[in-house]
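Worksheet for the structure shown next.
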Amino acid sequence: MNIGIVCYASVGGSGVVATELATALAERGHQVHIISSEAPFRLRDQAGLTFHRVETPTYPLFREPQYLLSLANKIVQVARAQALDIVHAHYAIPHAAAAYLARQIIADSGRPAPAVVTTLHGTDITIVGSDPSYTETVAYCIEQSDAVTAVSESLKADTYRALGVTRDIEVIPNFLDCARHARRAPGDLRDQLLQGAEHLVVHMSNFRPVKRVDAVIEIFRHIRAEEAKARLLLVGDGPDVHLARERLSTAGLMGSAEFLGEQLDIVSVLSVADLFLLPSSQESFGLAALEAMACGVPVVASRVGGLPEVIEHGRTGLLYDPEDLAGMAAGGLMLLRDSALHQRIAAAARQEVVEKFCTDVVVPRYEDCYERLIGAAARGASAQTST
């Protein structure tokens, strides 16, 4: 199949999953074309995988770059040049709208148009898409997609509730390459990061308000009060990095934390970690938690959104009400102090990922979706020819 993947290039979950899907599809023999404003953060060289940059000129007449129009135009160009069967839009805004517009342009020219698949990832529905400024447009483009998927049952329910759409939404969870996402021997990295401490606590995110980095610092403050040899690693970048620094400074913990910034090789960092904190106010899936689990790192997280679909409390991780920061800290301390519990949860978490969330389990479900749409289009074209 010839497949176009439309996504954001940032380190957020939707861009990461879209890039991993593109890579996996190319490895499985498909011709895949990533369309974005810049090369996605985790894009790797892979036979059968091509990147197409969207160029957006600016003009004094416009108050902002017209990315939606230039993206739709690029989709049309790539679809025609590469005879795309599918355009897969990741994140509803503006990608579903651009894919819909591109499909209409191609169809009105009398040429076969690719089918449009829209995957909903989270804040495109729960925060941005539910804003009254966008709801009608987002709902319409979802309804007009040939197939729609969501990364969790929670997000599917949120979409019906927030936008009032009525069409079927198929839940296909996020996934990992489990061969790459596996705990490695730590080498010298653990000692380098410990700097004399005994425990490494990790938080990894795009440092947006929904990730609640202030809650991360507060949980770590509680942990440090009981375990003075704990150290916090903050992985990623985003608007609330300054807030993290401010809260650490206020708590007198700057010397017990390290900002690692964005990391391509997250597996190496996770492979030396003892505990992962994710006290988000909302997670439609929780890809960072999944990555930690795959690397054998017990996760302490909020019981929100899709996280209970990824983590079973007491078996593959620990879940608490979002405001129960003391409970999260107590759970984290229990895991750091009880090696048998730590090992049991780490092993169960890894096994859960292998059984439910690996590439070879999830990607065929996307292939099945594509094949159904291509088959339906072929049947429709045949029927039209026969009449």
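Can you tally the lysine pairs in the chain where the Cα-Cα distance is under 28 Å and the two residues are eight or more apart, or on different chains?
4
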**Report entry** Phi to ³J(HN,Hα) by Karplus 6.51 cos²θ - 1.76 cosθ + 1.60 over the stretch 66-73, Hz, x for Gly, Pro
**Finding:** 8, 5, 4, 5, 5, 5, 4, 4
Query raised in the report: Does anyone have the angle between helix 325-337 and the longest principal axis of the chain? Alpha-carbon axes, 0 to 90°, nearest 10?
Result: 70
Report summary line: Sorted by chain and then number, the residues having a modelled amide H within less than 5 Å of the amide H of Ile34, at least 5 places away or on another chain, are Ile5, Thr50, Phe51, His52
Query raised in the report: Can you give the charge dipole size of the chain about its Cα centre, rounded to the nearest 20 debye, using +1 on the beta carbon of Lys and Arg and -1 on the beta carbon of Asp and Glu?
Result: 360
**Report entry** In the stretch 303-370, trypsin sites (Lys or Arg not before Pro) in a DSSP loop with at most 13 other beta-carbon atoms within 10 Å
**Finding:** Arg315
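Explain nothing, just the number: relative contact order of the chain, from Cα pairs under 8 Å at least 6 residues apart, as a whole percent.
Details: 719 pairs, mean separation 50.1, N = 387.
Computed value for the chain: 13 percent relative contact order.
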Report summary line: Once phi for every residue in the stretch 96-101 is put through the Karplus expression 6.51 cos²θ - 1.76 cosθ + 1.60 (θ = phi - 60°), the whole-Hz ³J(HN,Hα) values, with Gly and Pro written as x, are 5, 5, 5, 5, 4, 4
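What does the convex hull of the Cα atoms of the stretch 195-244 come to per residue, in Å³, rounded to a whole number?
So the per-residue Cα hull volume is 67 Å³.
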Query raised in the report: Which cross-chain or sequence-distant (5 or more) residues have an amide H under 5 Å from the amide H of His121, H modelled 1.01 Å from N in plane?
Result: Tyr91, Ala92
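Please give the per residue volume of the convex hull enclosing the alpha carbon atoms of the stretch 189-356, rounded to a whole number of Å³. It would help to have the intermediate numbers written out before the result.
On the way: hull volume 16.5 nm³, N = 168.
Spelled out: Cα convex hull of the stretch 189-356, divided by residues, is 98 Å³.
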Query raised in the report: Using alpha-carbon pairs under 8 Å, 6+ residues apart, how would you state the relative contact order of the stretch 255-387 in percent?
Result: 20
Report task. List Thr119, Thr149, Thr159, Thr56 from most exposed to least, where exposure is judged by having the fewest other Cβ atoms within 10 Å. Result -> Thr56, Thr149, Thr159, Thr119
Query - 5 angstrom amide H check on Tyr8, placed H, neighbours 5+ away - result: Gly15
Requested in this report: Enumerate the calculated ³J(HN,Hα) couplings along the stretch 299-312 in order (Karplus 6.51 cos²θ - 1.76 cosθ + 1.60, θ = phi - 60°), each rounded to whole Hz, writing x wherever the residue is Gly or Pro.
Outcome: 10, 10, 9, 6, 8, 9, x, x, 4, x, 7, 9, 10, 9
Query raised in the report: Anyone know which of His199, His90, His242 comes out most mobile in the 10 Å Cα GNM of the chain?
Result: His242
Requested in this report: Using only Cα atoms, find the angle between the long axis of helix 359-386 and the longest principal axis of the chain, and express it within 0 to 90 degrees, rounded to the nearest 10.
Outcome: 10
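With a ≥ b ≥ c the root eigenvalues of the C-alpha gyration tensor of the stretch 154-265, is it rounded (a/c under 1.5), prolate (a/b larger than b/c) or oblate?
Values: a/c = 2.73, a/b = 1.60, b/c = 1.71.
Here the stretch 154-265 falls in the oblate category.
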Requested in this report: With runs of 4+ DSSP H residues as the only contributors, calculate the mean residue ellipticity of the chain at 222 nm using -39,500 (n - 2.57) per run, divided by the residue total and rounded to the nearest 500.
Outcome: -14000 deg cm²/dmol
Query raised in the report: If you line up the long axis of helix 135-144 against the longest principal axis of the chain, both from Cα atoms, how many degrees apart are they, to the nearest 10?
Result: 60
Query - the stretch 1-97: GluC sites (Glu not before Pro) falling in loop per DSSP and having at most 12 other Cβ within 10 Å - result: Glu38, Glu55
Query raised in the report: By count of other Cβ within 10 Å, fewest leading, how are Ile3, Ile374 ordered?
Result: Ile374, Ile3
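Read the figures in this text as sums done on the coordinates, not as results from a lab. Keep in mind that this is a model prediction, so the values were computed, not measured. Note: ideal-geometry Cβ built from the backbone for every residue, glycine included; neighbour counts use all protein chains shown.
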